[in-house]
Amino acid sequence: MKQAIRISMIFSFMVSSIALAQGLNVGDKAPCVVLEQQSTDGSQTKGCIRDVLDEEHAFTFVEFFSISCGTCAKNLPVLFSLASELQDNVTLRQISTDRDADSVKDFIADNADNLFGPVAFDNERLATKAYGVRKTPTLFILDRDNTVVYKHQGLLRDSDVEEIKSIVSGE
């Protein structure tokens with residue numbers, strides 16, 4: 001009997017570990033992770049990365065990126081354009097996974113034209129672990145209930161942008 005319980009506990013732990021390693025997927029609830037954030041104007045705040053900025057926004061885009069990631073750099077203007085187009089319905093949260101906060105602050109200052117809202121610092125990997133992010137860029141789209149309705153890793157192509165627009169517009 002004890003052997004069966006031990007095996008059951010080990011199996012349960014393994015299943016939980018696999019689920020955590022895969023990270024959040026469509027249908028999962030996104031956790032609230034509080035991080036330091038800096039706006040393009042230099043002001044700093046602290047807040048939950050999944051929270052919408054305006055009650056009227058139905059979706060939150062949570063994008064994990066690194067300043068040394070070439071694909072992330074290519075996604076910045078795409079996300080900025082998308083967030084600008086959908087700004088009445090979307091809050092964009094960008095999370096830097098870089099360890100050096102000073103380099104990220106310089107990046108924010110140099111790229112203010114392609115950033116939409118504050119950038120959160122995840123140099124301790126709190127959000128990266130909670131969301132199960134394995135590579136950058138990774139984009140999650142959350143609905144009002146903080147449920148993941150879309151997840152994408154890598155470069156955003158035109159077909160991805162169209163799919164995102166369709167989700168946000170409800171088509």
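Just so you know, all these numbers are worked out from the coordinates, no wet-lab data involved. What you are looking at is a predicted structure, and each value in this text was computed from that prediction instead of being measured. Cβ coordinates were reconstructed from backbone atoms using ideal geometry, including for glycine residues, and neighbour counts include every protein chain displayed.
Descriptive notes on the structure:
- 3J(HN,Hα) along segment 64-69: 9, 8, 10, 5, 9, 8 Hz, from the Karplus curve 6.51 cos²θ - 1.76 cosθ + 1.60 with θ = phi - 60°, whole Hz, x for Gly and Pro.
- Using the Cβ-Cβ distance between residue 26 and residue 124 with R0 set to 22 Å, the FRET efficiency works out to roughly 0.25.
- Under the membrane-span-like helix rule (DSSP H runs whose alpha carbons stretch at least 20 Å along the helix axis, mean Kyte-Doolittle hydropathy -0.5 or higher), the chain yields 2-22, 70-85.
- The chain - mean residue ellipticity at 222 nm from DSSP helices (-39,500 (n - 2.57) per run, n ≥ 4, rounded to 500): -12000 deg cm²/dmol
- Computed label-point distance, nm, for sites residue 163 and residue 149 using a 7 Å Cα→Cβ extension: 1.5 nm
- Interchain or long-range residues, amide H under 5 Å from residue 50's placed H: 33
- Under-5 Å amide H pairs with residue 146, H placed in peptide plane, nonlocal only: none
- Longest site-free stretch - the chain; sites: trypsin sites (Lys or Arg not before Pro), DSSP loop, at most 15 other Cβ within 10 Å: 1-98
- Per-residue extension of 0.36 nm, minus the Cα-Cα distance of residue 135 and residue 109, leaves a gain of 7.0 nm for this segment.
- Residue exposure proxy: 90, 119, ordered by other Cβ atoms within 10 angstrom of their Cβ from fewest to most, comes out as 90, 119.
- With the convex hull drawn around the C-alpha atoms of segment 2-169, the volume per residue stands at 127 Å³.
- Taking 7 Å steps out from each Cα toward its Cβ at residue 73 and residue 43 produces label points 3.0 nm apart.
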